[in-house]
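Taking it in order: structure first as structure tokens, then the write-up.
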């Protein structure tokens with residue numbers, strides 16, 4: 001059992017997820033005394049903000065926190081939500097992380113050359129260094145018109161969805177077809193619910209191609225090595241200012257042993273696909289006429305990905321089998337026409353809406369101007385303009401893998417090294 005938290009600390013890490021624990025590992029290796037404050041339990045976000053059937057979309061061989069790579073007997077499988085939480089708990093024990101759980105930091109301010117952290121219950125801790133590792137995603141984002149829906153419609157965000165049973169009987173509208181939206185729509189359809197899916201511009205990627213998982217190919221092609229220093233200026237500005245591209249992650253499934261997700265197959269099997277929602281007036285939702293274009297873009301993303309793999313194989317002379325899997329037959333006919341210009345929730349029997357519309361950033365509890373106009377922390381690979389204040393685990397904090405088990409350790413080592421230099425007066 002850990003002792004009572006001292007009011008004076010050298011380094012405080014906020015958050016005991018993969019980013020915070022990885023930073024703790026390197027701080028310990030460098031001999032830097034520190035503590036971790038976690039508002040819930042270790043891996044809290046994974047435990048509380050993922051649905052019951054959730055699985056990682058990168059294979060288990062990509063679960064590689066520092067000194068604690070995946071050690072199970074299914075490297076090509078995909079960790080479930082509960083297995084992911086268990087992995088983080090075991091990792092915290094493995095590195096003997098100095099975690100204090102159930103402690104929320106309600107305010108962070110600078111005072112007299114150090115940082116003042118106000119904790120729940122009125123406690124205060126002062127620290128020379130603070131590493132904010134509170135997760136890659138902030139508060140759920142809802143469209144402005146969500147408030148115009150009738151009060152009898154249940155509205156939840158993908159961060160709060162658990163399973164079909166938590167929703168009232170009736171049809172469900174899922175808004176957004178990135179990874180979360182597409183997988184939640186599939187989960188609801190598998191549970192026998194009538195589902196409507198508002199399709200966004202997110203692409204899709206094949207689960208496997210030419211003998212390898214697509215995550216393996218992403219690593220081979222260098223997609224995981226993209227960072228803010230080696231992408232074009234337009235993309236860099238978009239990533240640096242917002243933490244992402246704005247169109248959602250390409251959909252692919254980690255559940256059921258790993259599988260492809262085809263929106264057209266959803267439609268073929270009874271799901272109703274709709275264009276992007278443009279607004280709401282009571283029960284009536286206005287729809288953009290972009291369903292077919294969004295489906296085409298999703299399919300084109302998969303084709304482009306396969307083409308890049310084919311070219312890489314040809315250029316390198318790799319020994320790779322021919323494509324062993326084609327899209328299921330008949331998908332080109334689903335749907336065969338553009339979606340309607342509007343939909344009436346009551347007429348369609350829709351009683352619930354799941355908003356898979358992304359996340360924002362809210363660091364109002366940090367009493368320093370650390371964010372840009374969108375709230376995304378202004379930093380360079382975790383280092384801010386405020387001496388002794390760092391961030392970890394943000395989406396595109398430095399590269400495409402900054403918030404992933406596959407690559408967070410590289411940023412953690414960099415930030416920990418910067419902290420060590422700062423603590424030693426370098």
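Things worth noting here:
- Taking a point 7 Å from the Cα of residue 90 along the Cα-to-Cβ direction, the residues of the stretch 397-412 with backbone N closer than 20 Å to it are 404-409.
- Each part reduced to its alpha carbon centroid, the stretch 55-69 and the stretch 1-51 end up 20 Å apart.
- Taking the stretch 144-355 and dividing mean pair separation by its residue count, relative contact order in percent (alpha carbons under 8 Å, at least six apart): 34
- Placing dummy labels 7 Å off each Cα toward the beta-carbon, the span from residue 163 to residue 145 is 3.4 nm.
- Among the listed values (1) 23.0; (2) 24.3; (3) 21.8, the one computed from these coordinates for Kirkwood radius over Cα pairs in Å is (1).
- Annotation: extensible slack from residue 265 through residue 33 equals 78.1 nm (criterion: 0.36 nm per residue apart, minus Cα-Cα distance).
- Size of the stretch 144-355: Rg and Dmax of its alpha carbons, in Å, are 18.6, 60.
- Computed over the chain: relative contact order in percent, which uses C-alpha pairs under 8 Å that are six or more apart: 24
- From least to most packed, judged by other beta carbons within 10 angstrom and beginning with the fewest, 316, 357 follow the order 316, 357.
- The antiparallel fraction among DSSP beta bridges confined to the chain stands at about 45%.
- In degrees, nearest ten, helix 18-29 long axis to first principal axis of the chain (Cα): 30
- Residue order, fewest to most surrounding Cβ atoms within 10 angstrom, among 367, 380, 401: 380, 367, 401
- The residue 338 and residue 74 beta-carbon pair, evaluated with R₀ = 45 Å, returns a calculated FRET efficiency of approximately 0.60.
- The distance from the alpha carbon centre of the stretch 79-112 to that of the stretch 373-426 is 17 Å, rounded to a whole number.
- Cβ-derived FRET efficiency at R0 51 Å, residue 152 paired with residue 106, nearest 0.05: 0.90
All of the numbers you see were taken from the coordinates with simple rules; none came from a lab. Quick caveat: nothing in here was measured; it's all calculated off a predicted structure. Every residue, glycine among them, receives a Cβ derived from its backbone with ideal geometry; neighbour counts consider all protein chains shown.
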